[in-house]
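All remarks here apply to the structure that follows.
Here, each number is a calculation from the coordinates, and none is a lab measurement. Fair warning: this is a prediction, and the values are worked out from it, not measured in the lab. Backbone-built Cβ (ideal geometry, glycine too); neighbour counts: all protein chains shown.
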Amino acid sequence: MEKKIINKGKRHEDNCSIDSLCNSTMSYPTWEKIKGHLGVQFNNPESFGEKPLTKVNVPIYSTINEDIIKEHKENTPYGIDIPVLLEPGTKTETEYTQPKPLIVIVGESALRTKGDLEYFKDGAAKNVILGTPYAIHLEECPPKCGVYRKIFDALLSKGYSLYITDIIKVWWKEKKIVPDINLDIPIFREELNYWNDVKREIIIVAWGEKAKDALRKKFHMSPNDDFLPLPHPSTQNWDAWKLRIFEKAVFSGQLEYATDLYGKKPDGEENKTTAEKVATEVFKSIEEYVTMNGNS
């Protein structure tokens, strides 16, 4: 049966400004370690490609192991995002001999909608919609993902490699939106074990409260000491990022840092938060933390 192409997003308008992301490579190093935990019939993550931003918006579906997902319902969409490793397309000789720490970005979950299922008509059993975090494999950019692409591009342009994952590994609407101690937490532990086994220095960044709380409570990590907690860069948190920018400016005694971004008047176009402002601040926060905590 011919599949329809989903056109819910749009081609990224600023491809010329995200060259580092477009030229990076994408791989799936932890898949062999974690796929057994997920219980999906999907053995080839290379279906998403070897470079980001290259695939058209056609969903990849799978069946699910009902012994793993006890609450499985045929007409419910399930979301699983395969963790990805993004690496700069070009590296200097110094970056080969003295690699920078790997930045592990831990997001929240792979949300899906019931509308995603209407593009699959061959049978309700295949109701797991597979993807990558922040739709990084897709050529067409869902509008809400633009800010993430700007962040990834900025980090890659500085020679950092990025491992992007979620703390909630399998999502469905009826699930309590907290990490499952029998599913989500063991999978993320396997991911951390992988990087420990390959002896790669990592810097962990938690986006949002759910990721922060899981690292703190389930992995006994201390915020700011063992990982960097940040507000999620999603659009609904942009007010939090604006507040963070002004707090940073006030406490550093450099109010012009905020007024240069937002203008000195309380109203007007210049006072709006944009993806560019948030992405720049996220990038600066991560780079400052890496500088203080990395060994390389």
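Could you please rank Ile167, Ile181, Ile202, placing first whichever residue has the fewest other Cβ atoms within 10 Å of its Cβ? Mind showing how you got there, number by number?
Details: Ile167 24, Ile181 10, Ile202 16.
Result, fewest neighbours first: Ile181, Ile202, Ile167.
Comparing Gly79, Gly263, Gly208 in a Gaussian network model of the chain (Cα springs below 10 Å), the most mobile by mean-square fluctuation is Gly263. Relative contact order, whole percent, for segment 10-232 stands at 28, derived from Cα pairs under 8 Å and 6 or more residues apart.
Of all the options Ile164, Ile60, Ile286, the one that moves most in a Gaussian network model of the chain with Cα springs shorter than 10 angstrom is Ile60. Projecting the alpha carbon convex hull of segment 174-296 along each direction and taking the average yields 10.0 nm².
For Val278, Val205, Val250, Val128, what ranking results if the residue with the fewest other Cβ atoms within 10 Å of its Cβ goes first?
Details: Val278 25, Val205 22, Val250 12, Val128 28.
So the residues, fewest neighbours to most, are Val250, Val205, Val278, Val128.
In the elastic network of the chain, a GNM with C-alpha springs shorter than 10 Å, the most mobile of His137, His220, His232 is His220.
Quick one: which of Lys55/Lys218; Lys126/Lys199; Lys169/Lys284; Lys158/Lys272 span more than 32 angstrom between C-alpha atoms? Before the final figure, lay out the partial values.
On the way: Lys55/Lys218 35 Å; Lys126/Lys199 37 Å; Lys169/Lys284 28 Å; Lys158/Lys272 27 Å.
With Cα atoms farther than 32 Å apart: Lys55/Lys218; Lys126/Lys199.
In what order do Ser20, Ser285 fall by count of nearby beta-carbon atoms within 10 Å, going from fewest to most?
Listing Ser20, Ser285 from fewest to most nearby Cβ atoms yields Ser285, Ser20.
Let's see if you can work this out: charge +1 on each Lys and Arg Cβ, -1 on each Asp and Glu Cβ, no other charges. What is the dipole magnitude of the chain about its Cα centre, in debye to the nearest 20?
Numbers: 41 positive and 45 negative charges, 107 e Å.
Value, rounded to 20: 520 debye.
Taking +1 at the Cβ of each Lys and Arg and -1 at the Cβ of each Asp and Glu, which of Gly36, Cys145, Ile177 sits farthest along the dipole of the chain towards its positive end, judged by Cα position relative to the Cα centre? So the residue furthest toward the plus end is Ile177.
Panel note: the C-alpha atoms of segment 10-232, placed on their principal axes, show extents of 52, 41, 30 Å (largest first). Counting only DSSP beta bridges with both residues in segment 10-232, the antiparallel share comes to about 40 percent.
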